[in-house]
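Before any comments, here is the structure.
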Amino acid sequence: MRILVIDDEVQIRKLLQLTLESEGHQVFQTVSGQEGLKMCADCPPDVVLLDLGLPDLDGLTVLSEIRKKSQVPVLILTVRGDEAIKIEALDKGADDYITKPFSSPELSARIRAITRRHSSHATSLESSVYERGRLKVDREAHRVWIDGVDVRLTVT
């Protein structure tokens, strides 16, 4: 899976990269909400891990902007443990919410859970996936596979 981490804490980004790459995921990261939104648009991830305390934009604003264009699973990862903030984030479209510090096994399990829910929901909707022989194209995610191998596409 392609996982986008939007978090301004270097140590958290390093931990997430080590943990998630050891599980076979591709990890992309940024410290900026604006850059995270650009990355979501340019090369859509399979999951977004989003901190609420970003230097340029509030994480809830980033979440709202993501939801205007995408239904990608978003897991909030933040030190803010206040119940009102959790409720607001979930009501604005977050798929899950974890407060820091967290355990890596729990995070991995939550990522698996939200991607399972997302994929089962996606298959119940009209599919944007075209399959023919060895070729599979996901028009919504802008991804192509041949024999199950991800084909790298340019922006154009």
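Some values worked out for this structure:
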{"read-out": "On Cα atoms only, tilt of 33-42 relative to the major axis of the chain in degrees", "value": "10 degrees"}
{"read-out": "Along each principal axis, Cα extent of the chain, largest first, Å", "value": "50, 30, 30"}
{"read-out": "Extension gain from V151 to R117, taking 0.36 nm per residue of separation minus the Cα-Cα distance", "value": "9.7 nm"}
{"read-out": "Packing-based ranking, highest mean first, of 45-57, 90-102 given that Cβ atoms within 10 Å are counted", "value": "45-57, 90-102"}
{"read-out": "Nonlocal amide H pairs with L77, under 5 Å, H built at 1.01 Å", "value": "L50, D51, L52, I98"}
{"read-out": "Relative exposure of I6, I114, judged by other C-beta atoms within 10 Å (fewest first)", "value": "I114, I6"}
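Taken together, the values in this text are just the output of simple stated rules run on the coordinates, not laboratory data. Being a predicted model, the structure only gives us computed values, none of them experimental. Quick reminder, even Gly has a Cβ in these numbers, built from the backbone with ideal geometry, and neighbours come from all protein chains shown.
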